[in-house]
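Enquirer: Got a structure for you, questions after.
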Amino acid sequence: MGALLTEAFITSLVFGAITAGVPLLLAGLGEQISEKSGVLNIGIEGMMLMGAYCGFAAAYYSGSFWAGFLFGGLGGAAVAVLMAVFCVRFGMNQIVIGIALTLGVEGLTALLHFFQFSRTYPRLGESGALRIPLLSDIPVLGSALFAHHPLVYLAVAVVFALGWVFRSTFIGFNLEAAGNKPSALDAAGVSVIATRVYAVLSTGFLAGIGGAYMANVGAGLFIPFMTGGAGFIGIVLAMLARGRPLWVLFGALLFGASLALTTALQVAGLNIPTDVVQMLPFAMVMLVLVIFGRHSYLPPALGHPYVRGER
Amino acid sequence: MTTGSERSDADTTQIRDSLLAVVRVLVPVFLALFVGALILLSFGKDPLTYYGYVISRGLFSPSGLEATITRIAPLLLIAAGLIVAFRAGIWNLGVDGQFLLASVVTAALAPVLMDSMPRGLTIVTCFAVSTAVAAAWSLLPAFLKVRYGINEIITTLMMSFLGISLSNVLVKIAFNDPSTTVPQTATLPVDERLPRLFDTTIHSGVLIALVALLLVHLMMTRTAFGLKLQVVGANPRAAVHTGLAVGKLTYATFAISAGLAGLAGSVEILGVWGTMRADWNPAYGLLVIPLVFLARFHGAATIGFVLFFAVLMIGGESASRRLGVPQYYVLVLVSLLLIFFALVEYLDQRWRKQARA
C-alpha cells in the first residue's frame, strides 16, 4: 500500500476527482432546483448529452472554450424547454417524457456526430487552466486543487450562490413551496407553472454546461453516449443532499474520486480492469443509499403535475 | 321507432369512437415519421427511400420477416415483466442489467450442463436459474423501496449500470473461453439451442414469450393476486388501509418483473447467439419501456407496438449497412413517436373536457 500513496498518485487522484466531479456537481445542482420545485427531471441525462455535443461543436468551430460552455448550457436548456412544455405546462408523465427526451438526444447527437466528426474524430487543444498564484505552488495538493479551468471555480461559486438563493430569497421560497404545497403558492398569487418552468430551464442550463465541461475539458472530444449515466448520478446526488447545495458538492467529489480511481491506479502502476472500476460509482450510490437511505428526502409534490383546482 | 333511432345513435357513437381510436394511433405515427423525414433530409438522405427500404427489409423479405419475429421474443418477455411492474406502480428501469446478468448465467451454464443432461432439462434449468438471478438482482431496490421508501427509479437504474459492468467482468474473467480471441463464453452448438419452428430460423422462444405475455395478462385481469397488485399501483396508501401486505406485494412485483427480463436474456442466448460476448448490450430495456407505455400496459396492444418496433430495428440494421443511416436513427424515431403519442393523448383529453364543459 505504501507504493500507492506517492505524490503523483495523490495529485492525479485529486485532480481527476475534480475533473470528473464538476459535471456531476453541475448536474446535481441543476436537478436539485428541479426537484425542489416538484419536477423529477429524468431527462437530465439527455440535457447533459445535448450540452456535451453543442458545447463541443461550439468550442470546435469557434475555438473558444467559453463559447463552448455557453452553447452547451443553451443546448441543455433547449432540451429542458421540451421537458417544461410537456411535463410542466401540459402535465404529461415526467418519467415517460424524460426517457423519451434522453433516447431522442442519444440518437440525435450520435447521428450528428456520425455525419460530422466520425471520419476525423477532431480533438480540442489544451483548455487553458488557470493556475492560481501562490496556492497552486503548494506541494502535492496545490496543482491538484488550484490549477483547473476557471469554470471549476465558477461551479464552486454557484454552490454558495444557490445556497443563498434557497435560504434567503423569494425565488428560493417559491421553489420550495412549488414542491411542497403548490396550491399554497398558487393561493399566494405566484404561478406554480412559471416557477417550475424556470426551475426546469435552469436545470437544463446547468446540466448542459456540465456536459460541455465533460466533453471539452474532461475528454477533449465528443463521443456518442459519453455521459453514460452521469445525469442519473446527478439525480441521486440531489436526492441525498436533501436540498443543500454544499452536500451536492461533497457528493460530486466523492463520486468523481471513484471515477478518477482508474487513471490514478494506472499512474500508480496497478492495472485493474476498467469494468471493475466502472462499477465503483454505482456501487457507491447503492452503498450510500443502504447506509443513509432513511435520510434521503424528496418533496411531497415531486412527480405530480400541478393542475389548479385539483386536489 | 324511438328504440331504432337510439340504437343507430349508439351505433354511430361506437363507430365514431373506434374511428377516433384509429386516428389517435395513426396521427402520432404519421407526425413522428414526418419529423423523422425532415431530420433525414437535413442529413442529405432521402426519407422515402429509407422508410421504403426499412419496411421492405423488415417486413416483406422472408429472411427479414424471420429476423423480425425472432427479435420479438426478448422484447415481449421484457414487456410482459414491465406490464406487471407498471400496473403495480413500480418503475423497474433496471431491465438491461437484469437481462444481461441472466444472459451471462445462461451462456456459462448451458454448455456445461449440456454435457451431462438432456437438452430439454438443460434449457429448463437455464431458464430457472437465470430468472432467479435476475429476480435476485432486483432485491436490493425492492428492499430500499419497502423499508425506506426510496424511489426505485434511481435504485433500479444504478443496479442496471452495476449489472452491465458485472456481466462484462464475468464474461472477461470468470467464464472466458480461452480458445477464442474475442472475450466470450463457450459457444453452444446450433443443434443444442432452442428448437426452431418449422423450417424457419425462428426459435421456439417466440412461443414462450407469447405464452408469458398471455399469462401475465390473465394474471393481472383475472386473478385476485393481479387485482391486489393493481390496487397497490392505483393507490398504495389506500392499499395499506384495506389490509393488503404492500411490502410483500412489492417484493413479488420486483421479482416477477426482473425475472421475466432475465428469462428474455436466457431465451436470447439459447435461441439466437449460443454464446455471450463481452460488451454485448442490446439495451432493449429503455426502448421497451416507452412501447409498454404507448400500449397503456395492455397485452395485445403491446404485441402490436413491439412488432412495429422490431420491423424498425431489423430494417434499420440493414439500412445502416446499405444506406449509410446509422442505427441511432431508430432511437430518434422512437423518441418522436413517444412524444407525439403523449401529445395527442393530452390534446384529446383536453378536447373531451371542453366538450363536456
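Nothing in this text is a laboratory measurement; each read-out follows from the coordinates by a stated rule. Everything numeric in this text was worked out from a predicted model, so none of it was measured. So basically every Cβ, Gly included, is an ideal-geometry build from the backbone, and we count neighbours across all protein chains shown.
Enquirer: If you find the alpha carbon centre of region A:210-231 and of region B:179-214, how far apart are they in angstrom?
Expert: If you average the Cα positions of each part, the centres end up 38 Å apart.
Enquirer: What does the charge dipole of chain B about its Cα centre add up to, to the nearest 20 debye, if the Cβ of each Lys and Arg holds +1 and the Cβ of each Asp and Glu holds -1? Let's see the in-between values first.
Expert: Numbers: 25 positive and 18 negative charges, 180 e Å.
For this selection, approximately 860 debye.
Enquirer: Turning to a different aspect of this structure: Taking only the C-alpha atoms, wrap a convex hull around region A:107-196 and report its volume per residue in Å³ as a whole number. Working shown, then result.
Expert: Numbers: hull volume 17.4 nm³, N = 90.
Here the figure is 193 Å³ per residue.
Enquirer: Which of the DSSP-defined H helices in chain B satisfy a minimum axial length of 18 Å, computed from C-alpha atoms, and a minimum mean Kyte-Doolittle hydropathy of -1.0? Spell out each step's value before the answer.
Expert: On the way: long enough: B:2-42 (59 Å, 0.93); B:62-87 (36 Å, 1.32); B:95-116 (32 Å, 1.32); B:119-137 (27 Å, 1.39); B:152-169 (25 Å, 1.36); B:205-222 (25 Å, 2.14); B:246-268 (33 Å, 0.99); B:299-322 (34 Å, 1.09); B:328-356 (43 Å, 0.69).
Result, helices passing both filters: B:2-42, B:62-87, B:95-116, B:119-137, B:152-169, B:205-222, B:246-268, B:299-322, B:328-356.
Enquirer: Which of the listed residues, A:265, B:27, B:141, is farthest toward the dipole's positive end in the protein assembly as shown, when Lys, Arg count +1 and Asp, Glu count -1 at the beta-carbon?
Expert: So the residue furthest toward the plus end is B:27.
Enquirer: To the nearest 20 Debye, how big is the dipole of chain A about its Cα centre, given +1 on the beta carbon of each Lys and Arg and -1 on that of each Asp and Glu? The partial results should precede the final answer.
Expert: Values: 13 positive and 11 negative charges, 116 e Å.
Roughly 560 debye, rounded to the nearest 20.
Enquirer: Checking the a/c ratio against 1.5 first, then a/b against b/c, what shape does the Cα gyration tensor give for chain B? Walk me through the numbers before you get to the answer.
Expert: Values: a/c = 1.82, a/b = 1.25, b/c = 1.46.
Since a/c reaches 1.5 but b/c is at least a/b, the shape of chain B is classed as oblate.
Enquirer: Right, next: In degrees between 0 and 90, to the nearest 10, how far off the longest principal axis of chain A does helix A:44-62 point, with axes built from Cα atoms?
Expert: The angle comes out at about 60 degrees.
Enquirer: Which order do B:276, B:159, B:219 fall in if you start with the one that has the fewest other Cβ atoms within 10 Å? Intermediate results must be reported in sequence, preceding the final value.
Expert: Details: B:276 26, B:159 29, B:219 17.
Arranged by neighbour count, lowest to highest, B:276, B:159, B:219 become B:219, B:276, B:159.
Enquirer: While we're on this one: With runs of 4+ DSSP H residues as the only contributors, calculate the mean residue ellipticity of chain B at 222 nm using -39,500 (n - 2.57) per run, divided by the residue total and rounded to the nearest 500.
Expert: Working: 14 runs with 266 residues, N = 357.
Calculated from helices alone, the mean residue ellipticity at 222 nm is -25500 deg cm²/dmol.
Enquirer: Could I ask something else about it? Which is the longest part of chain A that has none of the GluC sites (Glu not before Pro) sitting in a DSSP loop with at most 10 other Cβ atoms within 10 Å? Write out the running numbers ahead of the final one.
Expert: Numbers: sites that count: A:126, A:310.
That would be A:127-309.
Enquirer: With unit charges on the beta carbon (Lys/Arg positive, Asp/Glu negative), name the residue among A:220, B:69, B:106 whose Cα is farthest towards the positive pole of the charge dipole of the protein assembly as shown.
Expert: Value: B:69.
Enquirer: Please express the Cα-Cα pair-distance distribution P(r) of region A:191-235 as a list of whole percents, one per 5 Å bin, running from 0 to the bin with the greatest distance.
Expert: All Cα pairs considered, the percentages come to 5, 20, 23, 21, 13, 8, 6, 3, 0.
Enquirer: Same structure, new question: Determine the dipole magnitude for the protein assembly as shown: charges of +1 sit on the beta-carbon of Lys and Arg, -1 on that of Asp and Glu, nothing else is charged, the reference point is the Cα centre, and the result goes in debye to the nearest 20.
Expert: Details: 38 positive and 29 negative charges, 275 e Å.
Here the size comes out at about 1320 debye.
Enquirer: Here's another thing I want to ask about it. Would you be so kind as to identify which of B:175, B:233, B:40 lies farthest towards the positive end of the dipole of chain B, taking Lys and Arg as +1 and Asp and Glu as -1 on Cβ and the Cα centre as origin?
Expert: B:233
Enquirer: Alpha carbon centre of region A:1-55 versus region B:4-80: separation in Å?
Expert: A separation of 40 Å, based on Cα centres.
Enquirer: Mind sorting A:304, A:113 by how few other Cβ atoms lie within 10 Å of their own Cβ, fewest first?
Expert: On the way: A:304 16, A:113 22.
Sorted ascending by nearby Cβ count, the order is A:304, A:113.
Enquirer: Would you mind classifying region A:3-120 by shape? Square roots of the alpha carbon gyration tensor eigenvalues, ordered a ≥ b ≥ c; an a/c under 1.5 is rounded, otherwise it is prolate if a/b is larger than b/c and oblate if not. Provide the component values of the computation, followed by the final result.
Expert: Working: a/c = 2.25, a/b = 1.37, b/c = 1.64.
Oblate, because a/c is 1.5 or more while a/b does not exceed b/c.
Enquirer: What list do you get for A:217, B:124 if you sort them by fewest beta carbons within 10 Å?
Expert: B:124, A:217
Enquirer: Which of B:112, B:95, B:146 moves the most in a Gaussian network model of chain B with Cα springs under 10 Å?
Expert: The residue with the greatest mean-square fluctuation here is B:112.
Enquirer: Now for a separate question. Helix A:65-83 versus the longest principal axis of chain A: what angle, 0 to 90°, nearest 10, using Cα atoms?
Expert: Compared with the principal axis, the helix lies near 30 degrees.
Enquirer: Okay, next question. For region A:2-295, go through all pairs of different Cα atoms, get the mean of 1/r, take its inverse, and jot down that Kirkwood value in Å.
Expert: Numbers: mean 1/r = 0.0514 Å⁻¹.
Its Kirkwood hydrodynamic radius stands at 19.4 Å.
Enquirer: Would region B:6-67 count as rounded, prolate or oblate if I go by the C-alpha gyration tensor, calling it rounded below 1.5 in a/c and otherwise prolate when a/b exceeds b/c, oblate otherwise?
Expert: Values: a/c = 5.53, a/b = 1.91, b/c = 2.89.
Because a/c hits 1.5 or more and a/b fails to exceed b/c, region B:6-67 counts as oblate.
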